[in-house]
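See below for the structure under consideration.
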Protein chains: 2
Amino acid sequence: MEDRTEIESLGEFELIDHLTNNNETSNASTILSIGDDAAVIDHFGRQTVISTDLLLEGIHFDLGYTPLKHLGYKSVVVNLSDIYAMNAVPTQVVLSIGFSNRFSVEALDEFYAGVYAACQEYNVDLVGGDTSTSLRGFVISVTAIGEVAPDTYVKRSGANANDLICVSGELGGAFLGLTLLERENKIFQETGAQPDLEGQAYIVGRLLKPEARRDIIEYFAEAGIKPTSMMDISDGLSSDLLHLCKQSNTGCVLYEEKLPLNEEAREFAYKLQLDPTACALSGGEDYELLFTVAQADFEKIKTNPSLSIIGYMTEPGEGKNIVTRAGNRYALVAQGWNHLTK
Amino acid sequence: MEDRTEIESLGEFELIDHLTNNNETSNASTILSIGDDAAVIDHFGRQTVISTDLLLEGIHFDLGYTPLKHLGYKSVVVNLSDIYAMNAVPTQVVLSIGFSNRFSVEALDEFYAGVYAACQEYNVDLVGGDTSTSLRGFVISVTAIGEVAPDTYVKRSGANANDLICVSGELGGAFLGLTLLERENKIFQETGAQPDLEGQAYIVGRLLKPEARRDIIEYFAEAGIKPTSMMDISDGLSSDLLHLCKQSNTGCVLYEEKLPLNEEAREFAYKLQLDPTACALSGGEDYELLFTVAQADFEKIKTNPSLSIIGYMTEPGEGKNIVTRAGNRYALVAQGWNHLTK
C-alpha cells in the first residue's frame, strides 16, 4: 500500500514549505526566491522577457493518461518554449496551482518533481507562485521570465517577402501521440484492457514530454543568425504560419514534400488512416520553432540537421498557399488540431 | 434585452483582439506588449520584482454577489499589493483567465474593464496573458512585475527586537463586508429578497474593491523610511504578523487598543454580535501593509495619519502576545478568517 498524506493534514504554508524546500536557485540574477511576497530579479541592464500559460484539467490535459510528473515538466517547458521563441533565454518561472481534495501530497510531489526536473534541465529558477484548493479540477498557471541582449528579440511581425520559412525538428508527433492515448484510454474505460503503446514511444513522448528548442536559439547565437520572425508551434503549423503572415503582412508558399515528418509517426498515421501531411500541418503541441530568415542565411540553415526549409514568404497579394507533392497548389487553411479529431 | 455575443462566435484570437485592442501601454520600459509569444521589458539596471496569484471561483470569490468589473479590478490590485509590500513599484501585469461557456463576451468585457481600470489607476501595463475555456468555473491568474532600486526591497525577515509594528489604514472591514454579502446572498437564495446593503458602503467596498497602498510606499520614499520587514495583510493581522515573527525570528507584543478600526465597521460588528477586535485580528483581505521600523523612525510614522503603531517586536523567547484593553496578556493565535465564519 502506498503512503498517502492528506493535504489537509499539512495546511497551506507547511505544504508550500514541503513542496519548495528542495528548490535551489542557481542564476546569479535570482536575488530573492520563494518565501516572500515577491521574487527579486536583477537583469544587469539586459531586457526582461515574460510569458504565461494557463493549463486546465479536461481542456489541456487528461489525468487519465498523463502522469503528473510529465505534466509538471510540460507545464514549465511550454512556457520556456515561448521565451525561446523570442530568441531569449529563460531565467526564472513562477508557478501557481489549484487542486481539489482528491489530490494527495504525493501526487503534488510527483507534479513538482517534473517541474523541478524541467527547471534543472533548462537552468531556470522557480522563484514564486501561489497554491490554492479548487472545487474541481487541476489548474496550472506558469509565468516564465527571460532575458535577451537589448533589441535582439524576435517578433512575429518582422518577416519579409522572399524570406525562407523554416522549422526545427519534426512535426505532427504530439498530435498522433494524443490520438493514440485517447484511443487507448477509451478502450481502457470501456473494457479495462491495458493500453497497447508498443513501438509508439516516440509519438507518446512528443505529447507527454515535449522539449523546448534551446539548442536552436544557441545555434542562432553561434552562427550569427537573427530570424526575421519567429514563434513556437503550439496550435499547428498552418495556424501558426498564418499568424506570422498576418502579423508580418506577407503571403507564403509551403512545400508538402519539405515538411519534416518522423518515420514512426508517419507509419502510425497510415495505420490510423490519417494523412501524415495533415497531421504535420494541423497537429499542435509540437513546440518546435517556426521562423523566417533572409535568403542570405540559406547556407547557415542548411548546415544544421535539426532545421528544415519548408517554403518562403511572398508579397501579401499572392495569398497563403501549399504546393503538394503532385504539384498542385491549394490555399493554406488554419484548422487547428481539433479539426482532426472531429 | 441586453446584447449577448457568444464567445464561440469569435474564436480565441478574435476574442483576444476584442479584449485587448484598447490596451495602451504607458511605461517606457514596455518595449513589446500583447500579441507576441512574450512581452519584453527593460528595467534599465533596476531590480525586477515579480508576484503571482491564482483566483478560483467558489474558493476566492462568489459570482453571486461579486460584480465582474470589481473582480477584474481586485484581481490586479491584490497582485500589486504584493509588489508594494516589497517596497517596489509595479510596472506590468500578465493575466490569464479560464471561463466556461456560461460566460458571454459582454461578461468578459466587464471583467476586463475592471482590469484596465486598475492598470490605469496604478499606472501598470497589461503586457500578456492566456485565455482558455474551462469545463467549469472562472479561473484567474495574475502575475505582476515591479521594479525597485538595487537593494531597497523589504523582506519579511528583517525585523529586530524593539522595532515598532505598524499598519496602514483600518482593519477588519473586508471580512465584515464578506459576512454581510454572504448573509444577504443566502437570504436572496432562500426568499428572493433583495439585499439590504444600506449604510454599509464602506465594508462592502473594502471587500469588493480593495486598493493597494501605493501612497504608503511613496511616503516611505519621501520620508526616508526603510521598513525592516513588511508584507501585505491578506490572511488577517494575527496570521500575517506571526509570519513576520517567524521569518524574522522575533516575538511581539500587540495592543488591542491600538488596532485601527473603522467606525462603520465597528458598528456593523456589534450589530452581528461579533467582536470588532477579533474581526481586525483575524479578518483577511484588507490589503493593508503590515511592517516594522526601527524606533528611530517613530516620529516619521506618527506624522502620517494613515499609519498606526500597534505594538513592538521582542526577543523570540518572549513569545507572541496581545495585551487587551483591560490589561490582560494573551498568546496571539493565527486563526485566519475562516475561523470567524464557523
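The values are calculated or read from the model by the stated rules, or taken from the named source; none is laboratory data. Only a predicted model underlies this, so the values are computations on that prediction, with no experimental measurement involved. Cβ coordinates were reconstructed from backbone atoms using ideal geometry, including for glycine residues, and neighbour counts include every protein chain displayed.
Examine the stretch B:220-234 for a residue that is in contact with a Ser or Thr (Cβ under 9 Å, 6 or more places away or on another chain) and of a type in the set (D, E, K, R), and state whether such a residue exists. Yes - at least one qualifying residue is present in the stretch B:220-234.
Those strands (runs of 3 or more DSSP E) of the stretch A:68-178 in which 3 or more residues are at pLDDT below 90, under 30 Å from A:VAL293 (Cα atoms) and of a type outside the set (Phe, Trp, Tyr) occupy A:89-99, A:139-148. Of all residues in the stretch B:97-120, those satisfying the criterion of being farther than 18 Å from B:LYS209 by Cα, of a type outside the set (Gly, Ala, Ser) and either free of Cβ contacts under 8 Å to residues at least 24 places away in the same chain or crowded, with 23+ Cβ neighbours inside 10 Å (or both) are B:ILE97, B:ARG102. Whenever a residue of the stretch A:152-169 is closer than 19 Å to A:GLU218 by Cα, its partners that are assigned to a loop (DSSP other than H, G, I, E, B) and polar (S, T, N, Q), lying with C-beta atoms within less than 8 angstrom and at least six residues away or across chains, give the pairs A:THR152/A:ASN87; A:TYR153/A:ASN87; A:VAL154/A:ASN87; A:VAL154/A:THR228; A:SER168/A:SER306; A:GLY169/A:SER306. Is it the case, given these coordinates, that A:PHE298 is in the same structural domain as A:GLU318 (by TED's automatic domain parsing), touching a residue at least 40 places away in the same chain (Cβ under 8 Å) and farther than 12 Å from A:GLY172 by Cβ? When the stated conditions are applied, A:PHE298 passes them. With the checklist (1) at pLDDT 95 or above; (2) at negative phi in hand, flag the one item A:ASN249 doesn't pass. Every listed condition holds for A:ASN249 apart from (2).
Of the residues making up the stretch B:252-280, those that are at pLDDT below 95 and touching a Gly at 6+ places or on another chain (Cβ under 8 Å) number 8.
In the set (1) part of a strand (DSSP E or B); (2) of a type in the set (Val, Ile, Thr); (3) more than 7 Å from every other protein chain (Cβ to nearest Cβ), the condition left unmet by B:ILE187 is number (1).
Out of the residues in the stretch A:203-224 meeting the condition of being touching a residue at least 12 places away in the same chain (Cβ under 8 Å) and aliphatic (A, V, I, L, M), tell me which one is surrounded by the fewest Cβ atoms within 10 Å (Cβ to Cβ).
Here is the first cut: in the stretch A:203-224, the residues touching a residue at least 12 places away in the same chain (Cβ under 8 Å) are A:203-217, A:219-220, A:223-224.
Pick out the ones that are also aliphatic (A, V, I, L, M) and you get A:203-204, A:207-208, A:212, A:216-217, A:223.
Working: A:ILE203: 27, A:VAL204: 21, A:LEU207: 24, A:LEU208: 20, A:ALA212: 26, A:ILE216: 25, A:ILE217: 24, A:ALA223: 13.
Applying the filter and picking the extreme gives A:ALA223.
Go through the residues of the stretch A:332-342 one by one and say whether even a single one is at pLDDT 95 or above, part of a loop (DSSP other than H, G, I, E, B), under 22 Å from A:ALA85 (Cα atoms) and within 14 Å of chain B (Cβ to nearest Cβ). Scanning the stretch A:332-342, I find no residue that is at pLDDT 95 or above, part of a loop (DSSP other than H, G, I, E, B), under 22 Å from A:ALA85 (Cα atoms) and within 14 Å of chain B (Cβ to nearest Cβ), so the answer is no. Only one of the numbered conditions (1) surrounded by fewer than 19 Cβ atoms within 10 Å (Cβ to Cβ); (2) of a type outside the set (Asp, Glu); (3) within 7 Å of chain B (Cβ to nearest Cβ) is violated by A:VAL94, and that is (1).
Within the stretch A:190-202, the set of residues being assigned to a helix (DSSP H, G or I) and surrounded by 10 or more Cβ atoms within 10 Å (Cβ to Cβ) comprises A:ALA201, A:TYR202. Would you confirm, using the coordinates I've provided, whether A:ASN160 is more than 30 Å from A:TYR112 (Cβ to Cβ) and more than 14 Å from chain B (Cβ to nearest Cβ)? Judged against the criteria, A:ASN160 is a match.
Close Cβ contacts (under 8 Å, 6 or more residues apart or on different chains) running from residues in the stretch B:270-284 that are surrounded by 12 or more Cβ atoms within 10 Å (Cβ to Cβ) to residues that are of a type in the set (Lys, Arg) comprise B:PRO276/B:ARG266.
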